[in-house]
Amino acid sequence: RSKNKRKQTVLVKKCTSMANSKYEYVKSFELEDEVMFPNLIVVRIDGRDFSRLYLYLFVEDSLLTSLKHYRFSQVHEFEKPNDEAALNLMDSCSAAVLEEYPDIIFAYGFSDEYSFVFKKTSRFYQRRSSKILSLVASFFAAAYVTKWKEFFPQRKLEYAPSFTSKVVTCATPEVLQVYLAWRQQNCHAKNQYETCFWMLVKSGKTISETQEVLKDTQKQQKNELLFQKFGINYKTLPELFRQGSCLFKTKVEETVKHDENGNPVKRLRRKAVLVHSENIAARSFWNEHPSLYNDLGYFTKDIGRSEPDFVRSFQFENKLLPLTWVVVRIDGCHFHRFSDVHEFEKPNDEKALKLMNSCAVAVLEEFEDIQFAYGVSDEYSFVLKKESELYKRQSSKIVSPIASLFTSTYVTKWGEFFPQKVLKYPPSFDGRAVCYPTYKILLDYLAWRQVDCHINNQYNTCFWMLVKSGKTKTQSQDYLKGTQAREKNELLSNQFGIEYNSLPLIFRMGSSVFRLKESAAVENGVVSGKKLRLEGEVVVDHCNIIERCFWEEHPHILSYS
């Protein structure tokens, strides 16, 4: 640590030139994943480990579940086969997504999944697939946590949920029609099967007996089973269960204010409405809503049963190169506004940074394949081990659960770090995955991020000290224009009595998150002091990762073991 401390002054002086030369090349490894026009963009999200019948394990005809699978609905004691409050929560989160993102015109969902359709002219996030799918999953997860108490006032949210997401590109409105028909047919089939399944289980049959009874049964046979054995007419079950839910934007008249005489002043605005329809892919449903056919296109004919393989061929999937270092980087969306609204301290809010670190720790604890993470401000980079086969290296399925788990954890833990502040609206993070082919390039990427941390922190410290001293933001920007690291240090020292190198390490170095190879003493989150941490435990440190000495002292972090 003393060796690192002696190098810190030299490190800061080197940062500006290094940022623009030595490490900038790593940006060239980022690949474009733009969804080209005229394709329609559909983002489908699925609850991660929410509820899947095929994840049951059987031991002596008893139902067991893996701790990593099928846990969310079981832990939270959702009713089987359908929990109406849970479905209403999903619908409410989807409505929030439509309100948040004007480019999303239509949404359809059932169980723990939802599909969001963007208008055909959308240029949202430059149509970059990874950004779009991660942002939708992230915001949905944040809304889910935020709204939990509204739908389950007597039930504690035991842990933060997460969602996977993917992009489906629909070349024409006809492909979109087939996609929607496929998802609603899946809703019908799944609900009918699970209704039979759980009624049989509740009647006393074992899991294996129930599966055997339902094996190879057709739709009509399941309907007869429900009616004859349990007196249930399947067609009279709630539409929410049988048909799923769809939301779309339409113009509604709302009172915006009252005039001097107390009369309401009304305006038309686009608002998401929730409906249940027997066939959302039917012309009679689609073409009667101008907001749908104007923004997405007409359905010219009705279709029969869709072929899933045909629709799956349009999934926009990027499989990451094998035996490369995969880095998933997430960034806060509009966090300048978020930090202003929540009155974060300037230039650094230590509580906000520690909240980010706590979320990163949760991500490492959830995903064993993540070996290291580095964070600064509102961003975090997660490094997967080189040989990782997580989600078969499908980019969307790696990025989305990391972004959504990070976000839902942020909302869940907000009160721990800001007990006196109300979270006024949920945050969101976008993400991307980048492959780095060699160990050296990976370390250069991490060095680039820490160099950026130094430069931004030094600038922001000067900027906000000038603002607090009475200058306007424009005057402060002009004052700092063209200044070098040495000049900024002198400014802080001479005008404000601040020695930059004495500022807290968390501000200057950022935060590194990794697992300990062996037991070590840790004090205040920094490996060294008093609190004993066990082998394999995830810890946070604030250290120099630009110099190779850190990696030489911790060779296990990026090892193959």
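The values are calculated or read from the model by the stated rules, or taken from the named source; none is laboratory data. As the structure is a computational prediction, the values presented were derived from the model and not from experiment. Because the Cβ atoms are built from the backbone with ideal geometry, glycine has one as well, and the counts that use them run over all protein chains shown. Side chains are part of the model used for accessible areas, which takes the heavy atoms of the whole protein and leaves out ligands, DNA and RNA. Shrake-Rupley method; radii C 1.70, N 1.55, O 1.52, S 1.80 Å.
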Practice problem: Give the residues of region 274-297 that are in a helix (DSSP H, G or I) and not hydroxyl-bearing (Ser, Thr, Tyr), sorted by residue number. | Solution: 283, 285, 286, 290, 292, 294, 295, 296
Exercise. Could you grab me the full set of residues in region 436-446 that are touching a helix residue (DSSP H, G or I) at 6+ places or on another chain (Cβ under 8 Å) and buried (at least 21 other Cβ atoms within 10 Å of the Cβ)?
Key: 436, 445
Quiz item: So which strands (runs of 3 or more DSSP E) are wholly in region 454-561 and hold at least 1 residues that are modelled with pLDDT under 90 and surrounded by fewer than 17 Cβ atoms within 10 Å (Cβ to Cβ)?
Solution: 520-523, 531-533
Quiz item: Would region 192-203 turn up any residue that is out of contact with any Lys or Arg (no Cβ under 7 Å at 6 or more places or on another chain), open to solvent by 60 Å² or more (accessible area, probe 1.4 Å) and small (Gly, Ala, Ser)?
Solution: yes
Quiz item: What pairs can you find where one residue is in region 165-184 and touching a residue at least 24 places away in the same chain (Cβ under 8 Å) and open to solvent by less than 10 Å² (accessible area, probe 1.4 Å), the other is of a type in the set (Phe, Trp, Tyr) and in a helix (DSSP H, G or I), and their Cβ atoms are less than 8 Å apart, with a gap of 6+ or different chains?
Solution: 168/179; 170/179; 177/286
Self-check item: Contacts under 6 angstrom Cβ, first residue in region 237-260 being in a strand (DSSP E or B), partner among the polar types (S, T, N, Q), 6 or more apart
Solution: 247/94; 249/291; 250/291
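For region 139-184, which residues satisfy the criterion of being of a type outside the set (D, E, K, R) and in a loop (DSSP other than H, G, I, E, B)? Explain how you work it out, then say what you get.
Residues of region 139-184 that are of a type outside the set (D, E, K, R), as a first pass: 139-146, 148, 151-154, 157, 159-165, 167-173, 175-182, 184.
Matches in region 139-184: 152, 153, 154, 157, 159, 160, 161, 162, 171, 172.
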Quiz item: Does residue 215 satisfy the condition of being basic (Lys, Arg) and free of Cβ contacts under 8 Å to residues at least 12 places away in the same chain?
Solution: yes
Practice problem: Tell me, yes or no, whether region 143-155 has at least one residue that is touching a Leu at 6+ places or on another chain (Cβ under 8 Å), among the hydroxyl-bearing types (Ser, Thr, Tyr) and either crowded, with 21+ Cβ neighbours inside 10 Å or at pLDDT below 95 (or both). | Solution: yes
Quiz item: Are there any pairs with C-beta distances below 6 angstrom linking a residue in region 185-211 that is outside any helix (DSSP H, G or I) to a residue that is open to solvent by 40 Å² or more (accessible area, probe 1.4 Å) and modelled with pLDDT under 95, with the two at least 6 apart or on different chains, and if so which?
Solution: 206/61
Self-check item: Odd one out for residue 140, checked against (1) among the aromatic types (Phe, Trp, Tyr); (2) modelled with pLDDT of 95 or more; (3) open to solvent by 10 Å² or more (accessible area, probe 1.4 Å)
Solution: (3)
Self-check item: Single residue of region 104-129 satisfying the filter (aliphatic (A, V, I, L, M) and more than 14 Å from residue 173 (Cα to Cα)) that is surrounded by the most Cβ atoms within 10 Å (Cβ to Cβ)
Solution: 104
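Only one of 219, 257 is within 38 Å of the chain's Cα centre (by Cα), within 18 Å of residue 183 (Cα to Cα) and exposed (fewer than 14 other Cβ atoms within 10 Å of the Cβ); which?
219
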Self-check item: Residue that is modelled with the lowest pLDDT [pool: residues in region 392-436 that are of a type in the set (Phe, Trp, Tyr) and under 21 Å from residue 144 (Cβ atoms)]
Solution: 425
